[in-house]
Ligand code: SF4
Ligand code: SF4
C-alpha cells in the first residue's frame, strides 16, 4: 500500500476527547463534479455568476419545503451536548467538525437572510453574510459529515445535522458546486441502472457465473435470476453485491436463503441498484427519480413482494420514504410489508424453522456486529421497536456460535459511523475516512482483545467497503469485514429442511 500523506490516529485504550486543532481538516476538499456530471442531474455545470443570490433563493425554497430544517436552524441553544459525539471531530480534532459548528455554517447565513434580528443586528445574533469563504467552508465541511445522525441522538432538541448538511449540499449543487463522487454515480444510475454503470449483458454474465460457482462448490443449482417475469420477490440490492468482496458472499447468502425457502425471486436490470445517492446530496428530485426505477421494475416484472438487500442508506430511503417517493405499492401482496429487508425475510424463515442451519460451519469465526447508521437511527425492522438492532443479532446468533457485541455506547442507537457514509466513500477523502473510523476501530479493538473477535459483520455496502479500506490502517486485515448473509450462506444446509 502506498504511504498515506497523513498519520493514522493512535487507537486510545479508552474513548478520548481530542485536543482541538483549528483548521485540522481545512484542507479536506472532495473533487468537484464536472459539468457533465452536474448537468445530467439538472444542476448548472459550473459555479454560476450570481451564485450568492441563487444560493439564498435556494435556501428559501428548502426552508419553505421543510419545516424541520427551519426548526433545526432556530432551536439550537448551544448547550454543547453534541460537540464530542461526531466521529469526525473525535478522529480529527477540527472544531468545525463539532455538529453544532457544522450547523452554524448554514445557520449564520440563515439568520442573516431569514430572521429579523439577523437582518437588523447581525453581529448580536451570530448572523453572517454568504461570502466566498463561507461557500468554501460549506463545501469542505458539509463533505465532512456522513449524515449519520449520531449527534441528533444526544441533542436535547433532536436537531439533525444530517438534514442541515443535506440542505447545504443541495444549495451548493444548485449553484454549480456539486461533488464529483456522488453526482457521477447518480448520473450512472439514471442512465444505466446502477452505481457501477454495469450494463445488462455484463450483469447477466456475472450472475450466471455466480450460479456456476455455487453449484460447483455445493453441488446444488442455486439460481441468480435476472429480469424474470412473474417471480414472487424483486430483490433490490447494492451493485457492489454483484462482484466485490465481501459483498458478493452476501448475495450468495440471499440466493441460498431464497433457494432453500422455495421463494421464486429475481433481480432487475432496471433497478440493479439499491443505493440512492440522491439522499446524500439532499436532492428530492434525484432521490425520487432513482426510487421510481424500483416501482417501474416491480410493475414490469409483475412481482408480489419487494425485498432490499444489505445497504444501509438504501434501507433508510426504502423504509422511510419509498411510498412518498414512488408509491403507492398497492399492487403488491398486502400480506407482506412493503418494503421488506432481507434480514427480515431470513429472520422470519429461521423463526419458522424453514431453514436448516449448521452454526459450526462458522466456528472459526468470532463475530461482532456493526450497526449501520441509517438502519440504526433512520429506520426499523420487524414489528417491534428496536427490531433493527435485535433482528440482525438474532440472525447472527442463529448462524454462528461465537457472537460478541462491542461496548454498549458504541452500538445500537449510539452506534459509531464507519467513517465512509453519506457520499464520502471516495479516495479523495481517504484521510477523513481513516480518521473518522477511529471510534469504531477503538470499539472493535476492545472486543478483539477481550473476546478474541476475528470479524465484524455488517448489513451496509458502504460500511463493508469502508472497513475493507480502513482496517489495514489500524493494523487489522481487510478481510475481517463480512456480510451478515455470508455467515448465513455458510451455515445453511442446502437441500435439507428438518
Ligand atoms: S450527522 Fe454524524 S457526521 Fe454529521 S455532524 Fe452529526 S455525528 Fe457528525
Ligand atoms: S446538542 Fe443540540 S442544542 Fe445543544 S449545541 Fe448541539 S445542536 Fe445545539
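The values are calculated or read from the model by the stated rules, or taken from the named source; none is laboratory data. Model, not experiment: these values are computed from the prediction. Cβ: placed from backbone, ideal geometry, glycine included. Neighbour counts: every protein chain shown.
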When you look at residue 246, is it under 26 Å from residue 468 (Cβ atoms) and not assigned by TED's automatic domain parsing to the domain that holds residue 168, yes or no? yes
Return a yes/no flag: does region 232-248 have any residue that is in a loop (DSSP other than H, G, I, E, B), at positive phi, at pLDDT 95 or above and surrounded by fewer than 23 Cβ atoms within 10 Å (Cβ to Cβ). no
So, residue 145, is that one within 16 Å of ligand 2 (Cβ to nearest atom), surrounded by 17 or more Cβ atoms within 10 Å (Cβ to Cβ) and more than 25 Å from residue 32 (Cβ to Cβ) or not? no
Of the residues that make up region 214-237, is at least one in contact with a strand residue (DSSP E or B) (Cβ under 6 Å, 6 or more places away or on another chain) and farther than 25 Å from residue 332 by Cα? no
Qualifying positions in region 102-118 - more than 8 Å from ligand 2 (Cβ to nearest atom), in contact (Cβ under 8 Å) with a residue 12 or more places away in the chain and part of a helix (DSSP H, G or I): 102, 104, 105, 106, 107, 108, 109, 110, 111, 112, 113, 114
Only one of 371, 427 is outside the structural domain of residue 169 (by TED's automatic domain parsing), free of Cβ contacts under 8 Å to residues at least 12 places away in the same chain, within 17 Å of residue 146 (Cα to Cα) and within 17 Å of the chain's Cα centre (by Cα), namely 427
With respect to residue 328, is the statement that it is in the same structural domain as residue 487 (by TED's automatic domain parsing), crowded, with 23+ Cβ neighbours inside 10 Å and modelled with pLDDT of 95 or more true? no
Please give the number of the condition residue 336 fails out of (1) in contact with a strand residue (DSSP E or B) (Cβ under 6 Å, 6 or more places away or on another chain); (2) assigned to a helix (DSSP H, G or I); (3) more than 22 Å from residue 250 (Cα to Cα). (2)
If we scan region 80-101, do we find a residue that is farther than 18 Å from residue 417 by Cβ, in a helix (DSSP H, G or I), in contact (Cβ under 8 Å) with a residue 24 or more places away in the chain and within 14 Å of ligand 2 (Cβ to nearest atom)? yes
Of the residues that make up region 152-166, is at least one in contact (Cβ under 8 Å) with a residue 40 or more places away in the chain and away from ligand 1 (no atom under 16 Å from the Cβ)? no
